[in-house]
Amino acid sequence: MRRSDRLFEIIQIIRDGRLHKAHDLAERLEVSVRTIYRDLDTLTASGIPIEGERGVGYILRAPIFLPPVTLTQVELEALHLGAALVQRSADPELQQAARNLVAKVDQVMPEARKPPDAGWGMAIFGSDDIQAGFAFMPLIRSAIREKQVLTLDYARADGRTSRRHIRPLQMEYWGAVWTCTAWCETRNDFRVFRIDRMCGVLKADRMFQDEPGKTLGDYVLREGYADEQEKGAI
């Protein structure tokens, strides 16, 4: 978790009007008590009205406001619908990020624009099968950002398993499953892997650089997403 995200999370936790000990905050955020003390000092120095002291606990008594956000009614509905989709059909890290995003926006909305008790008139339902593979998604997303080779054990539709070394390029959500488009070093070609069929995923000890003929743009030009959706993932 980035420090800026952790500072926001601390504010979210202690704004409930109760006393929170640094040890409990450290356990919840999975950092050291010393880190929590430094974070609280930073928040206090920036003007956040936090009361308390080391060994006793901390509390936030005054309200905190974020910079003004101007959104139309339809934009708010789109935001909440998108966040609901992420919370239902993405990995735990993205689910938490979606909850935090909605919380940040709702805090600064005028009372008339806040979500009604009955919701926005939309509900998200999905199969529990989609959750298979969620555990690997944070690692895959990180590898895409860092351009890191992955080693994965993969189960094909016919039940056979194989080990692949891939350069992950993009993850796709098809409404029922997540896939990962990659350059497969093992097959020396593009492949689309269903994440729910991955039995194990590890980061290799090497990175990759974009090479002509092996990028996501090359894949799109050669195949196109519509054709790949019809063919299905391997």
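For this structure, a couple of remarks:
- Rounded accessible area of residue 18 (nearest 10 Å², 1.4 Å probe): 150
- The Cα trace of the range 126-202 gives Rg and Dmax of 11.6, 35 Å, the first to one decimal, the second as a whole number.
- Interchain or long-range residues, amide H under 5 Å from residue 71's placed H: none
- Loop sites in the range 11-101: chymotrypsin sites (Phe, Trp or Tyr not before Pro), DSSP, at most 16 other Cβ within 10 Å: 65
- The 1.4 Å probe gives accessible areas that order 214, 203, largest first, as 203, 214.
The values are calculated or read from the model by the stated rules, or taken from the named source; none is laboratory data. Here the structure is a predicted model, which means the values were calculated and not measured. When we count neighbours, we look across all protein chains shown, and the Cβ atoms used for this are built from the backbone with ideal geometry, even at glycine. When the accessible area is computed, the model is the full protein with side chains, heavy atoms only, and any ligands, DNA or RNA have been set aside. Shrake-Rupley method; radii C 1.70, N 1.55, O 1.52, S 1.80 Å.
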